[in-house]
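These notes are about the structure you will find just below.
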Amino acid sequence: MTKRALPTHFTLALFGLVFALPFWMVFVLATWRGGEVLAFPPHLWFGDGLRENWEQLLARIPFARNYFNSFGIATLSTVFNIFFCTMAGYAFAKYRFKGRDFLYGFVIATMAVPGFLNLIPFYKMMVKFGWINTWLPLVVPGMAGAFGIFLMTQFLTNSVPDELLDAARIDGLTEFGILARIIFPLAKPGLAVLGVVTFVGSWNNFTGPLVLLPKVDSTTLPVALSALNSRVDNNLGALMLGNALTLLPLIVAFVFFSKRIIAGLTAG
């Protein structure tokens, strides 16, 4: 490391510590009891209230069931979104058909519509379908999101040459064969970005489960933890422990896919 690089590395390390501090505090405060969470100056090291917070958390909400609901909904949403958005992105990026530009523009325009605008008609539709208190309304309508289609269209347009696809067709590959053996392997950085964005968005979704999964045993972690906060006094330690456990999948996903995420954002 040269002397010129020292200020840059020091500045980056300082910013890294500043951004990491809130995450550190969540895990530290998860080990302190209710009233001690709000102590000033704040605790910077672990306490001895982890077991008590864990017992209180399990006693107040069906935490394991809520965790399973969150993980299942987020995983299914991610898998379906990756598959269908990649297919749509491939069609928009590599096919020439009548009305393509209009249809693509319409998909992009839907990104400007606030989600709250159609909340009431969407809820009425789900009631008619009999999907309330099931995973279906949180998985099926978002199988091909506008952002995912836009991202994969841009990525495939810039990253997959048309000559490679023509060569594959000459060799006898079908379109689904091209998708499975060429598009998906070459699009891994873009898929990583889309997967992480979709998983985080579904995992942190609060309004959807609050409206569509009203029962505490069928809802997801964010809604269950908010109910915990409103029902029990002086349980901030248990609430912080729930928040810490909620953060774990997101941190693990970023650690394992960080290189592909950076590559995907750069390429796309």
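The values are calculated or read from the model by the stated rules, or taken from the named source; none is laboratory data. It should be emphasised that the depicted structure is a prediction, and the values quoted were computed from it without experimental measurement. Here the Cβ is made from the backbone with ideal geometry for all residues, glycine too, and neighbour counts use every protein chain on show. Only protein heavy atoms, including side chains, enter the accessible area calculation; ligands, DNA and RNA are left aside. Shrake-Rupley method; radii C 1.70, N 1.55, O 1.52, S 1.80 Å.
Can you work out which of the residues in region 125-136 that are in a helix (DSSP H, G or I) and in contact with a helix residue (DSSP H, G or I) (Cβ under 9 Å, 6 or more places away or on another chain) is least open to solvent (accessible area, probe 1.4 Å)?
Among residues in region 125-136 that are in a helix (DSSP H, G or I) and in contact with a helix residue (DSSP H, G or I) (Cβ under 9 Å, 6 or more places away or on another chain), the one least open to solvent (accessible area, probe 1.4 Å) is MET126.
Just to be sure I understand, how many residues within region 196-214 are within 18 Å of THR153 (Cβ to Cβ) and modelled with pLDDT of 90 or more?
1
Kindly indicate whether ALA88 is in a helix (DSSP H, G or I), under 22 Å from PRO141 (Cα atoms), touching a helix residue (DSSP H, G or I) at 6+ places or on another chain (Cβ under 7 Å) and open to solvent by 20 Å² or more (accessible area, probe 1.4 Å).
yes
Looking at VAL37, VAL107, VAL79, VAL26, can you tell me which residue is out of contact with any strand residue (DSSP E or B) (no Cβ under 9 Å at 6 or more places or on another chain), β-branched (Val, Ile, Thr) and either more than 27 Å from GLY208 (Cβ to Cβ) or not in a helix (DSSP H, G or I) (or both)?
Just a single option satisfies the conditions, and that option is VAL37.
Return the residue satisfying two criteria in turn: it lies in region 18-43 and is under 19 Å from LEU248 (Cα atoms), over 24 Å from the mean Cα position of the chain (by Cα) and of a type outside the set (Val, Ile, Thr), and of such residues it is least open to solvent (accessible area, probe 1.4 Å).
LEU29
Could you pull out the residue among PHE122, PHE199 that is open to solvent by 20 Å² or more (accessible area, probe 1.4 Å) and either of a type in the set (Ser, Thr, Tyr) or over 25 Å from ALA253 (Cβ atoms) (or both)?
Exactly one residue qualifies, and that residue is PHE122.
Taking only region 157-187 into account, find how many residues are hydrophobic (A, V, I, L, M, F, W, C), more than 15 Å from MET87 (Cα to Cα) and assigned to a loop (DSSP other than H, G, I, E, B).
1
Considering only region 235-252, I want to know if a residue exists there that is modelled with pLDDT under 85, surrounded by fewer than 17 Cβ atoms within 10 Å (Cβ to Cβ) and either touching a helix residue (DSSP H, G or I) at 6+ places or on another chain (Cβ under 8 Å) or not in a helix (DSSP H, G or I) (or both).
Yes: one or more hits.
Could you tell me which residue of region 53-98 is farthest from THR219 (Cα to Cα), considering only residues that are of a type in the set (S, T, N, Q) and at pLDDT 90 or above?
Only one residue fits best here, namely THR86.
Please work out if LEU44 is closer than 17 Å to MET240 by Cα, modelled with pLDDT of 80 or more and out of contact with any Asp or Glu (no Cβ under 8 Å at 6 or more places or on another chain).
No.
Within the set of pairs 6+ apart or on separate chains, which have a first residue in region 183-196 that is of a type in the set (Lys, Arg), a second that is open to solvent by 10 Å² or more (accessible area, probe 1.4 Å), and C-beta atoms under 9 Å apart?
So the pair list comes out as LYS188/ARG260; LYS188/ALA263.
Would you mind telling me which numbered condition in (1) farther than 24 Å from VAL193 by Cα; (2) modelled with pLDDT of 90 or more PRO137 fails?
(1)
Looking only at region 144-168, filter to residues that are at pLDDT 90 or above and of a type in the set (Val, Ile, Thr); which one of those is farthest from ALA91 (Cα to Cα)?
Taking the candidates together, the pick is ILE149.
List the number of the failed condition for ASP101; all other conditions in (1) open to solvent by less than 80 Å² (accessible area, probe 1.4 Å); (2) of a type outside the set (Phe, Trp, Tyr); (3) farther than 21 Å from LEU245 by Cα hold.
The failed condition is (1).
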